[in-house]
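**Student:** Sharing a structure here in structure tokens format.
The values are calculated or read from the model by the stated rules, or taken from the named source; none is laboratory data. Remember, it's a predicted structure, so these values are computed and weren't measured experimentally. Cβ: placed from backbone, ideal geometry, glycine included. Neighbour counts: every protein chain shown.
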Amino acid sequence: MLKTIRGLTIAAAALAGLCGAIPATAQTSAPTASAAATDAPATNAAPLAAKAPDIVHVAPTPGIGMPTDKISIQPQETAIGKEAVWFHNTILVPMMAIISLLVLVLLIWVIIRYRAARNPTPSRTHHNTLIEVIWTLAPVLVLICIAVPSIRLIAHQYDTPKADLTVKVIGNQWYWTYQYPDNGDFEVVSNMLPEQKDAAKGKQFRTDKDGPRLLAVDERMVVPVGAVVKIITTSNDVIHSFALPAAWTKMDAVPGRLNETWFKIDRPGVYFGQCSELCGARHGFMPIAVEVVSKADFVKWVAFKGGTMPGPGGAKNPDATSDASPAVAGSGKPEPTNAGGLTDTGPTVNATAAPAKTSQPAVAQN
Ligand SMILES: [Cu+2]
């Protein structure tokens with residue numbers, strides 16, 4: 001009898017656990033859906049069921065696309081970056097070393113050989129045509145050796161190939177928004193993930209799968225592998241700078257202006273950067289995370305965000321034709337309350353504003 005009661009109790013507990021687990025899993029696997037339901041339950045209830053699933057976001061590889069503990073340039077992932085590193089390591093560093101050593105040796109030689117104790121009567125020698133020609137020509141040759149690869153590198157950097165994808169990067173105090181004008185103009189709001197101890201209860205916090213401390217974000221910029229990504233930068237408030245060291249990319253984001261740069265990364269993975277312009281109190285807390293995925297995954301992700309692929313035969317999001325706009329469907333359009341208002345509050349007010357994006361449920365809390 002006792003056994004039967006215990007058996008029944010276990011079965012009931014298991015059933016209850018199962019029932020509890022289902023909503024929890026659903027919330028984890030479809031975070032935007034539940035967020036959307038909270039944001040605008042009336043208009044979005046129907047299309048949510050058909051919403052495309054998100055891709056499986058990969059964890060970053062230690063040492064790639066992030067700072068390493070070596071004193072060197074980050075491992076480069078683009079052809080331009082590799083050219084720049086070659087220029088630095090093969091031309092600049094040896095040249096600096098040779099010139100520094102030469103000057104040091106000359107100084108030591110002069111200090112010892114021509115010291116006052118050894119030369120009670122100083123020499124009155126002046127003018128030596130050969131030496132003067134050498135010390136004029138040698139620096140000219142050095143400058144030419146540096147100028148040729150340097151100008152070639154700059155030319156390559158500014159020679160944008162035909163873009164496969166355009167992403168408009170907008171700096172805000174203190175987060176980034178990424179717009180995809182080629183893909184239905186949806187927008188992604190990217191905020192730094194706080195550490196578990198700093199995260200508000202129930203909010204998403206950083207795990208190692210998201211990335212290193214101060215670099216992990218809730219929403220990454222996702223781009224396809226091997227694609228020429230044209231980056232257009234601008235800002236909503238002050239000057240920021242979009243920098244992705246592993247792609248040898250840095251471009252100021254200036255209010256009222258559009259700047260342009262590009263990169264092409266050939267290895268899938270996650271690459272981190274930071275705002276590189278002193279933009280205010282939380283300047284150090286607006287990291288950049290770019291996730292390079294396969295073409296198929298990119299199409300999937302665009303559909304998940306409510307966007308479309310350009311051109312005939314481009315994948316269409318099943319939601320795109322519904323009256324629920326991607327913005328309302330929780331696909332990452334910025335909420336005006338996010339990180340404080342941009343126009344109605346000044347930088348000082350924003351300094352205390354929580355940067356956490358509110359439409360994302362805490363995935364990491366389970
Ligand atoms: Cu900034």
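**Student:** Given THR61, THR121, which one is in a loop (DSSP other than H, G, I, E, B), among the polar types (S, T, N, Q) and exposed (fewer than 10 other Cβ atoms within 10 Å of the Cβ)?
**Tutor:** Exactly one of THR61, THR121 is in a loop (DSSP other than H, G, I, E, B), among the polar types (S, T, N, Q) and exposed (fewer than 10 other Cβ atoms within 10 Å of the Cβ), namely THR121.
**Student:** Answer yes if at least one residue in region 143-161 is surrounded by 10 or more Cβ atoms within 10 Å (Cβ to Cβ) and among the acidic types (Asp, Glu), and no otherwise.
**Tutor:** no
**Student:** Only one of these is of a type in the set (A, V, I, L, M), assigned to a helix (DSSP H, G or I) and free of Cβ contacts under 8 Å to residues at least 12 places away in the same chain: ILE98, ILE91, ILE146. Name it.
**Tutor:** Step by step, each of ILE98, ILE91, ILE146 is checked, and only ILE98 is of a type in the set (A, V, I, L, M), assigned to a helix (DSSP H, G or I) and free of Cβ contacts under 8 Å to residues at least 12 places away in the same chain.
**Student:** Kindly evaluate TYR175 against the criterion of being aromatic (Phe, Trp, Tyr), surrounded by 19 or more Cβ atoms within 10 Å (Cβ to Cβ), within 20 Å of the chain's Cα centre (by Cα) and more than 16 Å from the ligand (Cβ to nearest atom).
**Tutor:** When the stated conditions are applied, TYR175 does not pass them.
**Student:** Answer with yes or no whether ALA281 is within 12 Å of the chain's Cα centre (by Cα) and of a type in the set (A, V, I, L, M, F, W, C).
**Tutor:** No: the conditions fail for ALA281.
**Student:** While we're here: When ASP218 is evaluated against the numbered criteria (1) closer than 16 Å to ASN172 by Cα; (2) touching a strand residue (DSSP E or B) at 6+ places or on another chain (Cβ under 6 Å); (3) away from the ligand (no atom under 16 Å from the Cβ), which criterion, by number, is the only one it fails?
**Tutor:** (2)
**Student:** Quick check on LEU278: is it within 15 Å of the ligand (Cβ to nearest atom) and buried (at least 23 other Cβ atoms within 10 Å of the Cβ)?
**Tutor:** It is false that LEU278 is within 15 Å of the ligand (Cβ to nearest atom) and buried (at least 23 other Cβ atoms within 10 Å of the Cβ).
**Student:** Moving on to the next point. Being within 12 Å of the ligand (Cβ to nearest atom) and among the aromatic types (Phe, Trp, Tyr) is the filter here; which residues of region 227-266 pass it?
**Tutor:** PHE242
**Student:** Tell me, which strands (runs of 3 or more DSSP E) wholly within region 164-270 include 3 or more residues that are aliphatic (A, V, I, L, M)?
**Tutor:** The qualifying strands (runs of 3 or more DSSP E) are 165-172, 221-224, 229-235.
**Student:** Does GLY273 satisfy the condition of being part of a loop (DSSP other than H, G, I, E, B), surrounded by 22 or more Cβ atoms within 10 Å (Cβ to Cβ) and modelled with pLDDT of 50 or more?
**Tutor:** no
**Student:** Which one of these does PRO287 not meet: (1) more than 16 Å from THR177 (Cα to Cα); (2) within 16 Å of the ligand (Cβ to nearest atom); (3) in contact (Cβ under 8 Å) with a residue 12 or more places away in the chain?
**Tutor:** For PRO287, the failing item is (1).
**Student:** Tell me yes or no: at least one residue of region 86-106 is surrounded by 14 or more Cβ atoms within 10 Å (Cβ to Cβ) and either closer than 30 Å to LYS305 by Cα or modelled with pLDDT under 50 (or both).
**Tutor:** No, every residue in region 86-106 fails to be surrounded by 14 or more Cβ atoms within 10 Å (Cβ to Cβ) and either closer than 30 Å to LYS305 by Cα or modelled with pLDDT under 50 (or both).
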